[in-house]
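Undergrad: This is the structure I want to talk about, given as structure tokens.
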Amino acid sequence: MVKQEVLAALDAVRGQYISGQELAARLGVSRTAVWKAVAALRSDGIPIEAVTNRGYTLPKNVDVLNAAAIAAQMNGDPMNALQIEVVDRLPGTNAALRARADDGAREGLVLIAQAQSAGRGRGGHSFYSPPGGLYLSVLLRPEIGARQAVSLTAMAAVAAARAAEGLCRTPIQIKWVNDLWKDGKKVCGILTEAALDLESGMLDYAVLGLGFNVAAPAEGWPADLQEVAGALYDGTPAPGARATLAAAFLNEFWPMYRAGNRSGFLEEYRRRQALVGRRVCVAPRRGEPRQAVVLGIDDECKLVVRFDGESRPAALNSGEASVRLL
């Protein structure tokens, strides 16, 4: 906790020096605690500078995340409804937030990590999560059934596309069901996980997780991702870009979530689809892959395709099949 408080204090006066004694007095902790917090932040890759008799400073061009910087850019309703926590590193924000949900955490808890060591995507696949990306999860407790949970992913995809488009000023498309594309490459993945009340058939909670590639990693993408992974920024992100992106997503998503179907999200979800009219390979959980043409999205957010050799369309459930472009 002291780490984030020290980071927030330095971020608030970028480029200016604050002594360890002043930081300790502001935060109500010892100078030793401040020194340990600074050392820990540096080990996390945050380049805090120190000068004898002047104190500590955070360079103006460094992009760091803290809850205060995000909250300062949020609209009134989301800011009042959401509780934002920023940590340096987690195995995965979804897993951490599911544990909090099981312990009774309230709706609206947002957990953000500077990096993930064991991020996951659909089907349990690993999700590459290096420092410099934005990794966040939101705890929701909607009064909906399991079949309606896919609408949460669709809402998040629309909100994330709007936020990302505003940041990079480049059109963002959605690849059904949970990826964002910029210039034909994946820049964001979304994973919604839920706990079901077996007696009522309603969701107990849902954890909505998003991972944004804000910039390409300095060492380059791993070999298996070079052809498919992209980033919102082609070069170095502007300082504060991740805080701006997090706030923009929450500002877009929260009112959409509260309005539900009244928000009209489905129309935009359809409009942003990258696969409509294109040939794809459909890989079912059971059975052989088949080729098809994508026709559109139905009212339940299923992908409507026409398989080769068949005349009648088929609607694909996101849990039953994955799709890749041919």
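The values are calculated or read from the model by the stated rules, or taken from the named source; none is laboratory data. Quick caveat: nothing in here was measured; it's all calculated off a predicted structure. So basically every Cβ, Gly included, is an ideal-geometry build from the backbone, and we count neighbours across all protein chains shown. Side chains are part of the model used for accessible areas, which takes the heavy atoms of the whole protein and leaves out ligands, DNA and RNA. Shrake-Rupley method; radii C 1.70, N 1.55, O 1.52, S 1.80 Å.
Undergrad: Compute the length gained on full extension between Glu320 and Leu295: take 0.36 nm times their separation in residues and subtract their Cα-Cα distance, giving the result in nm to one decimal. Please list the in-between numbers first.
TA: Working: separation 25, 0.36 × 25 = 9.00 nm, distance 1.78 nm.
Once the chain is fully extended between Glu320 and Leu295, it gains 7.2 nm.
Undergrad: If r is the Cβ-Cβ distance from Glu288 to Ala146 and R0 is 25 Å, what FRET efficiency results, to the nearest 0.05? Don't jump to the answer; show the numbers that get you there.
TA: Working: r = 28 Å, r/R0 = 1.11.
Computed FRET efficiency for Glu288 and Ala146: 0.35.
Undergrad: Using θ = phi - 60° and the Karplus relation 6.51 cos²θ - 1.76 cosθ + 1.60, list the HN-Hα couplings for segment 157-165 in order, rounded to whole Hz, with x at every Gly or Pro.
TA: Computed from phi, the couplings for segment 157-165 are 5, 5, 4, 5, 5, 4, 5, 5, 4 Hz.
Undergrad: Using just the C-alpha positions of segment 168-326 as equal point scatterers, what log10 of I(q)/I(0) does the Debye formula give at each q in 0.14, 0.16, 0.20 1/Å?
TA: For the requested q values the scattering log ratios are -0.88, -1.11, -1.43.
Undergrad: How long is segment 70-218 along each principal axis, judged by its Cα atoms, biggest number first, in Å?
TA: Taking the Cα atoms of segment 70-218, the three principal extents are 47, 33, 30 Å.
Undergrad: What GluC sites (Glu not before Pro) does segment 152-252 have in DSSP loop regions with at most 16 other beta carbons within 10 Å?
TA: Numbers: sites: Glu165, Glu193, Glu199, Glu219, Glu227, Glu252; in loops: Glu199, Glu219, Glu227.
Passing sites in segment 152-252 are Glu199, Glu219, Glu227.
Undergrad: Here's a follow-up. Among DSSP beta bridges whose residues both lie in the chain, state the antiparallel percentage, nearest 5.
TA: Numbers: 50 of 60 bridges.
Here the antiparallel bridges make up roughly 85 percent for the chain.
Undergrad: Taking Cα atoms, how many degrees apart are the long axis of helix 2-12 and the longest axis of the chain, rounded to 10 and kept between 0 and 90?
TA: Between the helix axis and the principal axis of the chain, the angle is about 90 degrees.
Undergrad: Ok, one more. With labels modelled as points extended 7 Å from the Cα through the Cβ direction, what inter-label distance (nm, one decimal) is found for Glu22 paired with Ser43?
TA: About 2.8 nm, to one decimal.
Undergrad: Express in Å², to the nearest 10, the accessible area of Cys188 obtained by rolling a 1.4 Å probe over the protein heavy atoms while all chains stay in place.
TA: 0 Å²
Undergrad: Mind checking Rg over Rh on segment 1-122, alpha carbons, Kirkwood formula for Rh?
TA: On the way: Rg = 15.9 Å, Rh = 15.8 Å.
Result for segment 1-122 is an Rg/Rh of 1.01.
Undergrad: Can you match volume of the Cα convex hull per residue in Å³ to one of these, (i) 143; (ii) 222; (iii) 177, based on a calculation from the structure here?
TA: So the structure-derived entry is (i).
Undergrad: Points 7 angstrom from Cα along the Cβ direction at Trp35 and Ala274: gap in nanometres?
TA: Each label point lies 7 Å from its Cα, and together they span 5.0 nm.
Undergrad: Of Lys60/Lys182; Lys3/Lys182; Lys186/Lys302; Lys60/Lys185; Lys175/Lys302; Lys182/Lys302, which pairs sit farther than 24 Å apart, going by alpha carbon to alpha carbon?
TA: On the way: Lys60/Lys182 28 Å; Lys3/Lys182 34 Å; Lys186/Lys302 20 Å; Lys60/Lys185 31 Å; Lys175/Lys302 12 Å; Lys182/Lys302 22 Å.
Correct reply: Lys60/Lys182; Lys3/Lys182; Lys60/Lys185.
Undergrad: Starting from the Cα of Met202, step 7 Å along the direction of its Cβ; do the same at Ala81; then give the gap between the two resulting points in nm.
TA: If labels sit at Met202 and Ala81, their model points lie 1.7 nm apart.
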